[in-house]
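Chemist: Dropping the structure in here first, questions after.
The values are calculated or read from the model by the stated rules, or taken from the named source; none is laboratory data. Please read these numbers as outputs of a predicted model, since none were measured by experiment. All Cβ positions, glycine included, derive from the backbone under ideal geometry; neighbour counts span all protein chains shown.
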């Protein structure tokens with residue numbers, strides 16, 4: 001059972017520094033509820049990780065190490081279930097274009113450098129204050145829609161890397177719907193542990209190779225000017241707006257919405273710094289670029305996680321898997337049942353979209369929906385710029401007319 005959530009603090013305090021008393025007041029828990037919440041966000045991690053290993057040739061151990069390290073660091077630092085996910089746009093483009101480990105490593109180093117500077121300088125925290133609440137909710141709507149789209153794609157066009165891709169679409173789609181409905185009805189009863197147990201059984205039955213103990217090989221990337229140029233244009237530029245808006249701004253907002261004063265450590269600049277450091281590590285070992293994500297926080301929280309114990313547990317498991325059976329991970333993870341991934345993604349997406357319910361004005365709803373739909377269908381950078389122009393233009397017009405400035 002999980003206890004009641006702390007009361008939510010005012011929205012503006014999302015970007016405020018935390019006192020020592022607030023920082024030290026959250027104790028980590030390591031119980032069934034935390035474990036159930038910990039595994040609820042695997043729907044994003046597993047498909048991208050498997051594809052990067054199988055199609056792009058990344059070392060399985062190098063894929064899991066950055067995610068595991070960032071999960072443990074996030075749990076210990078933030079004290080609430082801050083998620084860790086692959087860079088979604090970055091990963092999707094790298095997989096679609098078949099880019100090699102050198103380009104992926106170069107992109108990870110560039111992302112890491114950019115966000116370390118933004119976080120350490122305090123610039124991101126200052127910029128974050130420009131973004132009003134309806135625009136943040138619009139970003140979260142966009143991410144929720146993206147999760148639902150990923151779930152649909154897993155069921156209707158499963159990646160070739162997964163061993164159950166030969167099953168008929170109706171079976172995958174129906175299984176995903178059943179999992180999603182069950183998860184929505186039973187999510188406060190540690191139901192994600194049941195799904196993961198079923199997934200482990202499915203992976204064991206579908207894996208036909210010998211399990212090799214020990215990590216897979218790690219290597220320093222072969223970097224060049226061409227690799228950095230390709231990474232900047234193809235990978236980094238499309239990813240930057242999503243990481244800024246979702247990993248930093250929207251994650252900080254979701255943390256405060258769900259956990260109130262307990263989330264006082266979770267600030268946009270600090271999130272930028274932790275994900276930046278993790279990507280420097282990932283780039284240095286030719287691993288998987290990672291980030292935080294508001295949708296992942298919804299998934300963790302919805303299935304029981306309330307403290308940083310959840311990310312510490314999941315990160316520890318990823319580290320152990322990467323070191324203990326890294327050489328066999330590609331085949332093992334490829335047996336993860338897709339209906340379970342699709343169902344968990346659907347639940348996380350729908351619950352994330354439900355964050356819009358705290359908007360209290362029709363104009364705020366309209367702006368959030370416009371930003372969210374534009375970001376989902378077109379380009380998040382365009383959606384953010386357009387939303388800011390509308391919001392601050394309306395504010396300026398209201399001031400000129402002598403109206404309310406709220």
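One line per residue, one yes/no per condition, for (1) in contact with a helix residue (DSSP H, G or I) (Cβ under 6 Å, 6 or more places away or on another chain); (2) farther than 24 Å from residue 60 by Cβ; (3) surrounded by 18 or more Cβ atoms within 10 Å (Cβ to Cβ); (4) touching a residue at least 40 places away in the same chain (Cβ under 8 Å):
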residue: 202; (1), (2), (3), (4): no, no, yes, yes
residue: 209; (1), (2), (3), (4): yes, no, no, yes
residue: 225; (1), (2), (3), (4): no, yes, no, no
residue: 233; (1), (2), (3), (4): no, yes, no, no
residue: 240; (1), (2), (3), (4): no, yes, yes, yes
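Chemist: Out of the residues in segment 359-380 that are farther than 20 Å from residue 257 by Cα and assigned to a loop (DSSP other than H, G, I, E, B), state the one that is farthest from the chain's Cα centre (by Cα).
Modeler: Here the answer is 378.
Chemist: Taking the options 198, 186, name whichever one is farther than 15 Å from residue 43 by Cβ and under 25 Å from the mean Cα position of the chain (by Cα). Don't jump to the end; show me each part of the working.
Modeler: Values: 198 fails: farther than 15 Å from residue 43 by Cβ.
None of the other options fit; the residue is 186.
Chemist: Let me ask you something else. Among the residues of segment 358-380, is there at least one that is modelled with pLDDT under 90, surrounded by 12 or more Cβ atoms within 10 Å (Cβ to Cβ) and in contact with a helix residue (DSSP H, G or I) (Cβ under 6 Å, 6 or more places away or on another chain)?
Modeler: yes
Chemist: Which condition does residue 339 not pass, out of (1) in contact with a strand residue (DSSP E or B) (Cβ under 8 Å, 6 or more places away or on another chain); (2) more than 30 Å from residue 391 (Cα to Cα), if it passes all the others?
Modeler: (1)
Chemist: Sticking with this structure for a sec: Any idea which of (1) assigned to a helix (DSSP H, G or I); (2) touching a helix residue (DSSP H, G or I) at 6+ places or on another chain (Cβ under 7 Å); (3) under 18 Å from residue 183 (Cβ atoms) is the one residue 383 doesn't satisfy?
Modeler: (3) is the only condition that residue 383 fails.
Chemist: Check 329, 319 and return the single one that is at pLDDT below 90, in a helix (DSSP H, G or I) and either in contact with a strand residue (DSSP E or B) (Cβ under 6 Å, 6 or more places away or on another chain) or over 27 Å from residue 182 (Cβ atoms) (or both). Talk me through it step by step, then tell me what you get.
Modeler: On the way: 319 fails: at pLDDT below 90.
Testing whether each residue is at pLDDT below 90, in a helix (DSSP H, G or I) and either in contact with a strand residue (DSSP E or B) (Cβ under 6 Å, 6 or more places away or on another chain) or over 27 Å from residue 182 (Cβ atoms) (or both) leaves just 329.
Chemist: On to the next question. Among the residues of segment 138-159, write down those that are free of Cβ contacts under 8 Å to residues at least 12 places away in the same chain and outside any helix (DSSP H, G or I).
Modeler: Listed by number, the list holds a single entry, 157.
Chemist: Further question on the same structure: Here are 341, 355: which of them is more than 17 Å from residue 294 (Cβ to Cβ) and in contact (Cβ under 8 Å) with a residue 40 or more places away in the chain?
Modeler: Working: 355 fails: more than 17 Å from residue 294 (Cβ to Cβ).
Answer to the check: 341.
Chemist: In segment 88-105, which residues are within 19 Å of residue 70 (Cα to Cα) and modelled with pLDDT of 95 or more?
Modeler: Within segment 88-105, 104, 105 qualify.
Chemist: Follow-up question, since we're still on this one. Please specify each residue of segment 51-84 satisfying the condition of being surrounded by 24 or more Cβ atoms within 10 Å (Cβ to Cβ) and either outside any helix (DSSP H, G or I) or at pLDDT below 90 (or both).
Modeler: 58, 59, 79, 80, 81, 82, 83, 84
Chemist: Which one of these does residue 197 not meet: (1) out of contact with any helix residue (DSSP H, G or I) (no Cβ under 6 Å at 6 or more places or on another chain); (2) in contact (Cβ under 8 Å) with a residue 60 or more places away in the chain; (3) part of a helix (DSSP H, G or I); (4) closer than 26 Å to residue 322 by Cα?
Modeler: Status for residue 197: all satisfied but (2).
Chemist: Have a look at 120, 96 and point out the one that is more than 19 Å from the chain's Cα centre (by Cα), part of a helix (DSSP H, G or I) and free of Cβ contacts under 8 Å to residues at least 40 places away in the same chain. Talk me through it step by step, then tell me what you get.
Modeler: Values: 120 fails: free of Cβ contacts under 8 Å to residues at least 40 places away in the same chain.
One residue alone meets the criteria, 96.
Chemist: Determine if segment 281-293 includes at least one residue that is buried (at least 20 other Cβ atoms within 10 Å of the Cβ), in contact with a helix residue (DSSP H, G or I) (Cβ under 8 Å, 6 or more places away or on another chain) and farther than 25 Å from residue 119 by Cβ.
Modeler: Residues of segment 281-293 that are buried (at least 20 other Cβ atoms within 10 Å of the Cβ), as a first pass: 282-283, 285-293.
So of that shortlist, the ones also in contact with a helix residue (DSSP H, G or I) (Cβ under 8 Å, 6 or more places away or on another chain) come out as 282-283, 285-293.
Those left that are additionally farther than 25 Å from residue 119 by Cβ: none.
No, segment 281-293 contains no residue that is buried (at least 20 other Cβ atoms within 10 Å of the Cβ), in contact with a helix residue (DSSP H, G or I) (Cβ under 8 Å, 6 or more places away or on another chain) and farther than 25 Å from residue 119 by Cβ.
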